[in-house]
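These notes concern the structure reproduced below.
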Amino acid sequence: MEPIKVSLESLNLTTLLPMLIAVAGGLTILIIDLIKENLHKSLYVMLSILFLLLDLGALIGLDINTRGFFDVMLIDGIAVISQIIIIVASMLFIPLALTSKRFHEFSLPEFFALFLFMVAGFQFMVASDNLILIFVGLETASLSLYPLIAFHNRDKSFEAAIKYFTMGAVAAGFFAFGSALLYGLTGSVEIYKIAEVLTERGFEPIIVVLTAVAFMIAALGFKLSMVPFHTWTPDVYEGASSALAGYMSVVPKLAGFVVAMRMFEFLIHSGIVWVRDILYLAVVITMTFANIVALVQHDVKRMLAYSSISHAGFVMAAIMIGTTQSNSGLFLYWILFLFTNLGAFTMLWISRHKSNLWHDRFDHPYEKFSGLVQIMPIAATSMAVFMLSLAGIPPFSLFWGKLYIMGAAVNSGYIMLALIMAINSAISVYYYLKLIVYMFMKDPISDKQTIYFKNSSLSLRTIVGISVVFTIFSSFFISPLLSYITEIVRLSGF
Amino acid sequence: MDHILTLLIFFPALAGMLGFIVDKENIQAYGITVAAIEFILSLVVWMLFDVNNGGFQFVEFIPLIPNYGINYYVGVDGISLFILILSTFITFVGLISLNVKKNLKNMIISLLFLEMTMVGVFVALDAIVFYVFWELSLVPMLYIIGYWGSEKRIYAAIKFFLYTFFGSLIMLVGMLFLAYLYYLATGTISFSIPDWHRLILPYEYQFWLFLAFFLGMAIKVPMFPFHTWLPYAHGQAPTIGSVILAAVLLKMGTYGFVRFSLPIFPDASVALISPIAFLAIIMVIYTAMVAYAQEDLKQVIAYSSISHMGVIVLGTFAMNIEGIAGSIFLMISHGIVSGALFMLVGNIYDRRHTKLLKEFGGLAQVMPKYALLFGIMLMASVGLPLTIGFVGEFLSLMGIYKISSAYAFLGGLSIVLGAAYMLRAYKLTFFGPITNEKNKNLPDLNWKELTSLASLALVVIWLGVNPNPILKPINKSVENMLDLMEKKAITQKAKEVFSHNRVEMEAR
């Protein structure tokens, strides 16, 4: 037997560097804890941000459209841009640990270590078209996320973590089954090779291909909280701290979208009508069902959970359309959504109170925000801006995302889909307005400022400020953002 | 003076933002000053406006999202100029007469933001910019109705918002599709309205796109059967809310017809004259009858305003110069008159805290000035010659007469029925003996109310006697538009309608 010879250069290890930095960061935090115990959380937060910054730097230095590490790493345009979004989002969410109230989980260095491992996991997920590496990335990220939820240390959080874990395990099983079937069909785990072989063979035997695709849709459906795989979402968001819930509504889904984009791109253009139809149906049901359920929620956080399901459906439509314009629209939408949701969940996080003063079941019932404008006008106005943005009222940021994706739908002949999107936006505006009505048109139940601002600190307020500015003035930088995204998506051939 | 329109749009918003700092006690003076400056600015636009040029003037063009054909593109022509001045004028007068105690500061800031959106809608030449302001105008109005309104204010505010939002989203899909068709035709995508005006579309597309735009506009107007939100909104809104809503916001819909529907889809517009005229006539007659049966003075005005909007729609779809110019004039006159009437209702409501007709009677004896001004506005609303209401109504009906005498006759019932319900309301309020003790010692109008109403009355009579300063520029731009529509027409029917206009214009 010949010894295997691999030259270091052909490995192109720099493609791995960003993730390795994140992992090294996690390990460093653990080591620091070994050396000196009971350090303040602000140290960990800042260390995490620094490591993420290094991570970002290493990422931006990469050449686009290279492969590395036995060709399992794929650094194409969408891998780069989605990693940038993931890292920036993580950098914006991690300072939310700096609350003025003490929360148990942030005193543990493990929290920050796991957080960085999770980021690395998501990065692996988006930077590969190898089903095994995607699976590894997915599980690394998920297994770090479960304890992060449970750390919140309340009954609901344990419930949420276990629910998420169970669902996640099922999804992982589906993913493994789907990959196994695809491997059996084609003898490869690389998506581009699978596509080649399947196209060559004319997608025969069709029944096995469809079963594999069904497993894949289910697996990704869990991660993207597509209806009917969405049932965990509101409970998990409710159990997790608002900061983490906001994070979960943005980053894991983006990673899921990128995998879905790689996975379904060739299937959608393959001419198998079935795949496209089932995705169409899933998109429409996800948008509509989540919107209708959100109408009857009593709790703002649960409402935002359903709203984020609906937004995921909206964005999934972009993948279903599958043109360069729609795929660029996806990233644009998600960047805008990141800032809006960051702001909205941070506002909930600020108003978090340890005892349930308003309702014995919910943390954030609508009544809690009654007449907020009279007590704290700026906070109420910011929250209103986030709600208007989520509802798609121009000129706030998400309007441009909606406009662009609806435009992509129209341009590819999906007029009906665009109309359904429009009607869904009209439905959704009701539950966003409901919060605005409570804040602006009702009288406050309690007029003690401290009840609301319990959790506020300089860093939390800064984050809200950044989000507000981004949401209001987005019109001015949509143009450069969009041309960058379009360029990079086109480069990677989507 | 190149950037006067941008200044005009953003000045009130900027002032509104600074208004947060102004002391609570002096906020009304601040608001009035800002609105006065804005009004003067709009008058400057009128002064510098070249009356002999029917095209767009004061044009500004800044790329916003050039890759996707979205630009900040604004300008005015004869059609939008006076609606623009109307909105700054009504805001100014409305602020003077404003009589709100609760949280006045937020009210004034909201009004200034609302003014920005109104001006923005009327000067936008890019469909997306238009849409942005169109939608944004809902937000301050939602707050004004929902916070300062009466009992069922929240229901009314949300109903108003959802109705209009739904319609405009369908319109947005229409806009996106139209931009895509433009892309197919020319190879570049564009949302610019003048570009769209030059685009010739197959009839099939025109028809569906017309319907998409129609839904958005019709809900705003509001056309029958989409009018059900309006009585609620008016019934619950505070006085200033009703004034702005009736005077300016409703005009956005009819302005949209003139700006989008007619020139972009000339064939579909001609083909749909009859169904739209049918809806408009139902609007005119049915809501006039409903107005007659109202117990509440404000609801009378609210329904009357739907009825008059019907005449505006009839005039717009007459497809000739009299009809369209007349309907634009009627938009302005109706804006002034209905604004004034809502202010008058507000005045009596402030004194008695009721708007029910049966509570009043014989008010002419205790409040003679009030009765006089109400009388003038009533005459203008009914369309008496030498008042502003006559010119527009007469021209609109004359325009539609050329299409069909039956439409003109049925539309003309607006005047007859209008006289009936307005005079009934006037009689019940002002004539007869004073039956209610509480009415014995009502104070007459104070100087604030008098200033605002007298200035409106002045305009009513001035433009009623001499409408030319306004009609001329409107005519010029409408002529341009009709020219364009004639050139674009592809169906036989549309060609006939427009060539008929041509013959008449040349004969003149």
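The values are calculated or read from the model by the stated rules, or taken from the named source; none is laboratory data. Just so you know, these numbers come straight off a predicted model, no measurement behind them. So basically every Cβ, Gly included, is an ideal-geometry build from the backbone, and we count neighbours across all protein chains shown. For the accessible areas, the whole protein counts, side chains as well, though only heavy atoms, and no ligand, DNA or RNA atoms are used. Shrake-Rupley method; radii C 1.70, N 1.55, O 1.52, S 1.80 Å.
About its Cα centre, the dipole of the protein assembly as shown is roughly 2480 debye, where the only charges are +1 on Lys and Arg Cβ and -1 on Asp and Glu Cβ. Enclosing the Cα atoms of region B:272-465 in their convex hull gives a volume equal to 93 cubic angstrom per residue.
Solvent exposure of region B:113-197 amounts to 22 Å² per residue of accessible area, where only protein heavy atoms count and the probe is 1.4 Å.
Return the subset of A:301/A:442; B:24/B:251; B:358/B:448; B:105/B:438 for which the Cα-Cα distance in this structure is over 25 Å, preserving the input order.
Where the Cα-Cα span goes over 25 Å, the pairs concerned are B:24/B:251; B:358/B:448; B:105/B:438.
Mean per-residue shielding of peptide B:119-131 is 1, counting Cβ atoms of other chains within 10 Å of each Cβ. Taking Cα atoms only, the orientation of helix B:153-186 departs from the longest principal axis of chain B by about 10 degrees. Checking an interface number: how much accessible area is buried between B and A, summed over both chains, with a 1.4 Å probe, in Å² rounded to 100? That pair hides around 3100 Å² of surface in total.
Spin-label model, residue A:60 to residue A:477: label points 7 Å out along the Cα-to-beta-carbon direction sit 1.2 nm apart.
Ordered from highest to lowest accessible area with the whole protein assembly present and a 1.4 Å probe, B:504, A:196, A:105 read as A:196, B:504, A:105. With contributions of -39500 (n - 2.57) from each DSSP H run of at least four residues, the per-residue ellipticity at 222 nm computed over chain A stands at -25000 deg cm²/dmol. Note that region A:159-173 has calculated 3J(HN,Hα) couplings of 4, 4, 5, 5, 4, 5, 5, 4, 4, x, 5, 4, 4, 4, x Hz, one per residue in order, obtained from phi through the Karplus relation 6.51 cos²θ - 1.76 cosθ + 1.60 (θ = phi - 60°); glycine and proline are x. The mean count of C-beta atoms from other chains within 10 Å of the C-beta of residues in A:383-395, rounded to a whole number, is 3.
Suppose the chain between residue B:150 and residue B:386 were pulled fully straight at 0.36 nm per residue; how much longer would it get relative to their current alpha carbon spacing? Working shown, then result.
Values: separation 236, 0.36 × 236 = 84.96 nm, distance 3.67 nm.
So the chain would gain 81.3 nm between residue B:150 and residue B:386.
Surface calculation, 1.4 Å probe, protein heavy atoms: residue A:484 sits at approximately 110 Å² accessible. Could you tell me the calculated FRET efficiency between residue A:231 and residue A:374, based on Cβ-Cβ distance and R0 = 45 angstrom, to the nearest 0.05? Given R0 = 45 Å and the Cβ-Cβ separation, E is 0.75.
What FRET efficiency do you get for residue A:156 and residue A:298 if R0 is 22 Å and r is their Cβ-Cβ distance, rounded to the nearest 0.05?
0.90
In summary, the aspartates and glutamates within cross-link reach of residue A:402, defined as a Cα separation below 20 angstrom excluding same-chain residues under 8 places away, comprise A:487, B:126, B:135.
Counting only lysines at least 8 places from residue A:223 when in the same chain, those with an alpha carbon closer than 18 Å to its own are A:163, A:253.
For A:414, B:401, B:183, the ranking by accessible surface with the largest value first comes to B:401, B:183, A:414, using a 1.4 Å probe.
Shielding by partners for peptide B:160-167, expressed as the average number of C-beta atoms from other protein chains within 10 Å of each residue's C-beta, is 4. Against the criterion of solvent-accessible heavy-atom surface with a 1.4 angstrom probe, A:211, B:6 sort, most first, into A:211, B:6.
Taking label positions 7 Å along the Cα-Cβ direction at both residue B:59 and residue B:465, the computed distance is 3.9 nm, reported to one decimal. Overall form of region A:113-248: prolate. Here a/c, set by the Cα gyration tensor axes a ≥ b ≥ c, is 1.5 or more, and a/b is the larger of a/b and b/c.
Send over a whole-number figure in Å² for the accessible area per residue of region B:309-377, probe 1.4 Å.
For region B:309-377, the solvent-accessible area averages 20 Å² per residue.
Peptides A:38-48, B:274-284, ordered by how many other C-beta atoms sit within 10 Å of their residues on average, highest first, read B:274-284, A:38-48. Solvent-accessible area assigned to carbon and sulfur over region B:272-465 amounts to 72 percent, based on a 1.4 Å probe. Placing a label point 7 Å from the Cα of residue B:350 along the Cα-to-Cβ direction, the residues of region B:432-452 with a backbone N closer than 11 Å are B:445-452. What the phi angles of region B:405-420 give under the Karplus curve with 6.51, -1.76 and 1.60, with θ = phi - 60°, is a coupling list of 5, 5, 4, 5, 5, 5, x, x, 4, 3, 6, 5, 5, x, 4, 4 Hz, glycine and proline written as x. Principal-axis analysis of the Cα atoms of chain B puts helix B:4-19 at an angle of about 40° to the longest axis. With q set to 0.05, 0.07 Å⁻¹, the log10 of I(q)/I(0) for the protein assembly as shown, from the Debye formula over equal scatterers at the Cα positions, is -0.34, -0.65.
Each Lys and Arg Cβ is given +1 and each Asp and Glu Cβ -1; about its Cα centre, region B:272-465 then shows a dipole of about 320 debye. Which lysines have a Cα lying under 25 Å from the Cα of residue B:487, excluding residues fewer than 8 positions away in the same chain? Output for residue B:487: B:402, B:472, B:476, B:495. Using 1/(1 + (r/R0)^6) with R0 = 60 angstrom and r between the beta carbons of residue B:23 and residue A:5, what's the FRET efficiency to the nearest 0.05? Efficiency computed from Cβ-Cβ geometry: 0.15.
Taking every protein chain into account, the accessible area of region B:439-508 amounts to 54 square angstrom per residue (probe 1.4 Å). Each of residue B:183 and residue A:193 was given a label point 7 Å from its Cα along the Cα-to-Cβ line. The distance between the two points is 3.7 nm. Once the Cα atoms are used to define both axes, helix A:17-35 deviates from the longest principal axis of chain A by about 50 degrees. Computed from point charges on the beta carbon alone (+1 for Lys and Arg, -1 for Asp and Glu), the dipole magnitude for chain A about its Cα centre is near 1300 Debye.
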